[in-house]
C-alpha cells in the first residue's frame, strides 16, 4: 500500500517536526545563556556603581575628618591630619565574634602606611566618626594609604608638620601631590590568599606597596581589578585654610579688643596667638613662609596662604570672612 504523505501544516513530516523542535530547544537554550549573561552584566554594573558611590562617600568623610581634626582633637596634631590604616587580620571565631580588634585604626603607623580603611574612628569624646565597612561581608573592604606628613600619629621619627605648603607625597598614575588614596579591591586572583593582612593579597600592580599608585595595569590587565580614588592636597586646601582663618580670627579679635587694633605687621601678627591651640604654631601656620598677613587698617586685614591662591579678608566687628575666590 502506498504510504500517506506528511500533511501537517505546521511540522510537515515527523522527521521535520523533530528537527524543528530540536532547533527551537537550541534557540531557547542559547537565549537563556544570553539573558543570563546580560543579567550578570547588569549585576556587575550595579556593583560597580555601588562601589563608585561608596568610594565617593568615603572620600568626603576622609576630607571631613582631616578638616575637623582640630575640633575633634583639640590637643592633637591639627587641621589636615588623618588617621592610620587598620592593619589587623579580619579573623572571627565560629560565632562571628572578632578574634582581634578589627575595623579600627592601628596607631601609631610608620612610613608609607597602608592597610584597610577603618570602619570608624572613636573620637576623644567617645563618639564614633564613621568611615565605611563597604565590602566587609565578602572580605573586600576598602584599602587606604596616607602620606607620611598627613599622619596624625606617625611612628619611626616621621614629621607630622602639615600646612597649606606641605606637598602630598603619594601619586596616582604619575600625578603627585596626593595626601591619601582609597582602593576598592576586586575578587582575588590566583595566588592572592585571603583573608589576611598582606596588601598584596588584595591589591595589584604595585598598589600594595605605594607611594606610587595606579588605576590600571597595561602590561597585565587581566590580572588587575583595583578601583582607586585619590584625595588630592588641592581638595583639602579650601576647607583647611578656611578652618585656620576661623581660628586665627578669634585670636586676632581678642588682640584687637585688648589693644584697640589688629597687629600692625607680620611680626606682631606672629605674637598674637599666645592663647591659641598649640597646633597653629606647631604646624608653622604662624610663619611668614606659610601665612602672609597684610594690615589694611587697624580694623581690617587680609590673610593669604602658601600653596593657595585665596585671599581672606577679616574685619573687626563682623562675623563675615571675605574670600577672594571659591577655590585655591
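Summary table below
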| read-out | value |
| --- | --- |
| Residue match in the stretch 178-192 (condition: on the phi > 0 side of the Ramachandran plot, surrounded by fewer than 20 Cβ atoms within 10 Å (Cβ to Cβ) and under 23 Å from the mean Cα position of the chain (by Cα)) | no |
| Segments classed as strands (runs of 3 or more DSSP E), wholly inside the stretch 216-328, with at least 1 members that are in contact (Cβ under 8 Å) with a residue 24 or more places away in the chain and in the same structural domain as residue 188 (by TED's automatic domain parsing) | 227-232 |
| Hey, residue 90 under 22 Å from residue 54 (Cβ atoms) and either at pLDDT below 95 or assigned by TED's automatic domain parsing to the domain that holds residue 65 (or both) or not | yes |
| Residue in the stretch 156-165 that is at pLDDT 95 or above, under 29 Å from residue 279 (Cβ atoms), in contact with a helix residue (DSSP H, G or I) (Cβ under 8 Å, 6 or more places away or on another chain) and in a helix (DSSP H, G or I) present | no |
| Residue, modelled with the lowest pLDDT, within the stretch 125-134, restricted to residues that are assigned to a loop (DSSP other than H, G, I, E, B) and out of contact with any helix residue (DSSP H, G or I) (no Cβ under 8 Å at 6 or more places or on another chain) | 133 |
| Yes/no for residue 168 being loosely packed, with under 15 Cβ neighbours inside 10 Å and either assigned by TED's automatic domain parsing to the domain that holds residue 195 or in contact with a helix residue (DSSP H, G or I) (Cβ under 8 Å, 6 or more places away or on another chain) (or both) | no |
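The values are calculated or read from the model by the stated rules, or taken from the named source; none is laboratory data. Please read these numbers as outputs of a predicted model, since none were measured by experiment. Virtual Cβ from ideal backbone geometry, glycine too; neighbours counted across all protein chains shown.
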